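Engineer: Before I ask anything, let me first share the structure, which is written out below as structure tokens.
Rule-based calculations on the coordinates, nothing more; no lab input. Predicted, not measured: the structure shown is a model, and the values here were computed from it. Please note: Cβ atoms are built from the backbone with ideal geometry, for glycine as well, and neighbour counts cover all protein chains shown.
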Amino acid sequence: MSNITIRPAIAADLDQITEIYADAVVHGTASYELEPPSRAEMGARFDTLTAGGFPYLVAEKDGSVLGYAYAGAFRPRPAYRFIVEDSVYLAPQAKGQGVGMLLMQRLIEATRAAGFRQIVAVIGDGHPDSASVRLHEKLGFRHSGRLEGSGYKHGRWLETVFMQLPLNGGASLPPDPGSLPERVFRQSAGGN
């Protein structure tokens, strides 16, 4: 698919983002939500992520959003501040066209530039031949864990696969005091 633009998501994209996610919730097993969130809920999630400085991207072609990807906090405890969890969802017509790869490559770049140290993929229905597992493997993520029977959807038990990609030296270097996660932490703690 040529002429695809990867850019930061804006509020005007949220109707299409909501539709893409609703399709994934209703028809897929990547998300463990059972009912699609409303446009208002998706907007609140978007606002929370972007207010936190996390990257949130869309793939667009001819004015249509083909997919989106974002990174958000892996867990809320402050010691986790250098780890993000990625999410990527595609419109049905964009699957298998390389859009997920384009989104994830840019998301990794943005996450690296912000100073995060690890990206974790928490992949629902993470069987070995799932598109998401294969995508993350191609991007250099390594398998780091699996939860069997962790979700029940569409009449069957699902596995959750954890994969991770170290960035900026991973755990081999001390935190960068100028990184986004460290600046946000100091600001929220009332520090410098």
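Engineer: Taking the options S172, S179, name whichever one is surrounded by 12 or more Cβ atoms within 10 Å (Cβ to Cβ) and either within 21 Å of A110 (Cα to Cα) or free of Cβ contacts under 8 Å to residues at least 24 places away in the same chain (or both).
Structural biologist: Criteria check complete, one pass: S179.
Engineer: Give me the pairs, please: first residue somewhere in region 97-113 and in contact (Cβ under 8 Å) with a residue 60 or more places away in the chain and over 15 Å from K138 (Cβ atoms), second residue anywhere and surrounded by fewer than 17 Cβ atoms within 10 Å (Cβ to Cβ) and aliphatic (A, V, I, L, M), beta-carbon distance under 7 Å, and either six or more positions apart or on two chains.
Structural biologist: Cβ pairs passing all conditions: none.
Engineer: Now a separate question. Identify all residues within region 63-82 that are assigned to a loop (DSSP other than H, G, I, E, B) and in contact with a helix residue (DSSP H, G or I) (Cβ under 6 Å, 6 or more places away or on another chain); write none if there are none.
Structural biologist: Answer for region 63-82, where residues must be assigned to a loop (DSSP other than H, G, I, E, B) and in contact with a helix residue (DSSP H, G or I) (Cβ under 6 Å, 6 or more places away or on another chain): F74, R81, F82.
Engineer: Restricting attention to region 83-113, which residues are among the hydrophobic types (A, V, I, L, M, F, W, C), under 11 Å from A71 (Cα atoms) and assigned to a helix (DSSP H, G or I)?
Structural biologist: Answer for region 83-113, where residues must be among the hydrophobic types (A, V, I, L, M, F, W, C), under 11 Å from A71 (Cα atoms) and assigned to a helix (DSSP H, G or I): M104, L107, I108, A110.
Engineer: Inspect region 161-179 for any residue being assigned to a helix (DSSP H, G or I), within 24 Å of the chain's Cα centre (by Cα), within 29 Å of G140 (Cα to Cα) and not hydroxyl-bearing (S, T, Y) and give the result as yes or no.
Structural biologist: Yes, because at least one residue in region 161-179 is assigned to a helix (DSSP H, G or I), within 24 Å of the chain's Cα centre (by Cα), within 29 Å of G140 (Cα to Cα) and not hydroxyl-bearing (S, T, Y).
Engineer: Using the structure shown, decide if A110 is over 25 Å from V184 (Cβ atoms) and either small (G, A, S) or exposed (fewer than 12 other Cβ atoms within 10 Å of the Cβ) (or both).
Structural biologist: No.
Engineer: Still on this structure: Would you check if L49 is touching a strand residue (DSSP E or B) at 6+ places or on another chain (Cβ under 9 Å) and within 29 Å of G178 (Cβ to Cβ)?
Structural biologist: Here the answer is yes, as L49 does meet what is asked.
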